[in-house]
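Derivation of every value follows stated rules applied to the coordinates shown; laboratory data play no part. The shown structure was predicted, so the numbers you read here are calculated from the model rather than taken from an experiment. Quick reminder, even Gly has a Cβ in these numbers, built from the backbone with ideal geometry, and neighbours come from all protein chains shown.
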Amino acid sequence: MASTAPPISRSFTMIPPDRQFELPPWRRGLYVVLGSFFVGLGALGAFLPLLPTTPFLLLASFFYVRSSPRLNQRLLRSRLLGGFLRDWQQRGGVRREVKVLALAVVAVGVTASIVLGNLPAWGIGLLLALAAIGITVVIRLPLVADEVAPEMPTLEADEQTAAELSSVEANY
């Protein structure tokens, strides 16, 4: 299935093309393994309330950029995860919807864990402390504005433009 994501431009986290493969083969292999490990942790974090997704995916991208640009491009073109990674790498922040979704997932996950988890008091305290840290991190992430789509012309605008052109042509 072909991805329709735009090509990824070089950004502040990318290594210049002439320096990409200066790593020894063993280190490049280690970075691919670490990047794949962090992708797996990030995928788990999408379903487990105490495991964050974003930092693990940013780490995965860090290792892939340095070891396998092909794998990094694949990660950035992912329909599910690529959008916020591209926003972070190219624009240095996240969209408002991503923040709201992250906060909602934390709230639902923590609430479900407290209600259904049969946790001791210290476990609930630890869960709430970790959730507070996660919420603080999410709230402090810089926001990027949504790109505004060009306004679609309306039928009335087309008719007005046609009338203006007709009046200009009549004067010549």
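Calculated FRET efficiency, A129 and R70, Cβ-Cβ r, R0 41 Å, to nearest 0.05? Please list the in-between numbers first.
Details: r = 40 Å, r/R0 = 0.98.
Step by step, r from the Cβ atoms, then E = 0.55.
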Can you give the FRET efficiency to the nearest 0.05 for F47 and A104, using r as the Cβ-Cβ distance and R₀ = 22 Å? 0.90
